[in-house]
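The values are calculated or read from the model by the stated rules, or taken from the named source; none is laboratory data. None of these values were measured; they are calculated from a predicted model. As a convention, Cβ positions derive from the backbone with ideal geometry for all residues, glycine included, and neighbour counts pool all protein chains shown.
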Amino acid sequence: MNLDLSDCNDADLAALARAGRQEAYRELLARHRAPVFRVVRAAIGDDHEALDIVQEVFIAAFAALDRYDPERPFAVWLKRIALNKCRDWARRRRVRAFFTRAAPLEEAFAVADDAALPDAQAESRAELAGASAAIASLPHRLREALVLRTVDGLSQAEAAEVLQVSEKTVETRLYRARTRLKEQLDGIFEG
């Protein structure tokens, strides 16, 4: 009997994957790769780094599949892992930044990129970069709520479940994130 995996729900696919069915892993990856990438990219603001982090998310998730509770949505579990990987990435980035700044000034010049930015850069691209940087600069709790609600399109209840907080906390964090973004973006685009 040949089972069509596209008809299986995520919990069944997880059980099949735990039983050693490689095609179940592939189906879970195919279903969830794009939504996880959107969350990660929005959380960290870097497409190239996001690809690496998404890979780490699925490696970690598949290694921990025995800890997945099939009574809960797989997508929520996966996004929680993704947000944790984003936090890990941010911590590693801060450590690298510290050591880069701690290097002697002469060595810092060798690391710096002297290339001038292209003069013909489109205004909308600059605005997008400014918005991405503003989002990336938010404290992780505010950024995560914003990303889950606005980029990933989760409901307030779903975001609360992913973040393991109350819906009111998500609402408060979302309000604060939007307020800070407005302040930052007003400063960027008015100046």
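Tabulated values for the structure
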item: Residue list for region 166-185, restricted to those being aliphatic (A, V, I, L, M) and closer than 13 Å to R141 by Cα; result: V170, L174, A177
item: Top-ranked residue in region 141-157 [being in contact with a helix residue (DSSP H, G or I) (Cβ under 7 Å, 6 or more places away or on another chain) and more than 19 Å from R87 (Cα to Cα); ranked as surrounded by the fewest Cβ atoms within 10 Å (Cβ to Cβ)]; result: A157
item: Helices (runs of 4 or more DSSP H) contained entirely in region 1-69, each with at least 2 residues that are closer than 29 Å to R93 by Cβ; result: 22-44, 47-63
item: Residue check for A14: among the small types (G, A, S) and either loosely packed, with under 12 Cβ neighbours inside 10 Å or within 25 Å of H140 (Cβ to Cβ) (or both); result: no
item: Those residues of region 157-182 which are on the phi < 0 side of the Ramachandran plot and either in the same structural domain as R87 (by TED's automatic domain parsing) or touching a residue at least 60 places away in the same chain (Cβ under 8 Å) (or both), in sequence order; result: E158, E161, V162, L163
item: Index of the failed condition, V40 passing every other in (1) at pLDDT 90 or above; (2) hydrophobic (A, V, I, L, M, F, W, C); (3) assigned by TED's automatic domain parsing to the domain that holds A160; result: (3)
item: Residues of region 43-64 classified as touching a residue at least 60 places away in the same chain (Cβ under 8 Å) and touching a Lys or Arg at 6+ places or on another chain (Cβ under 8 Å), total; result: 1
item: Test set (1) modelled with pLDDT under 50; (2) in the same structural domain as A160 (by TED's automatic domain parsing) - F109 fails condition number; result: (2)
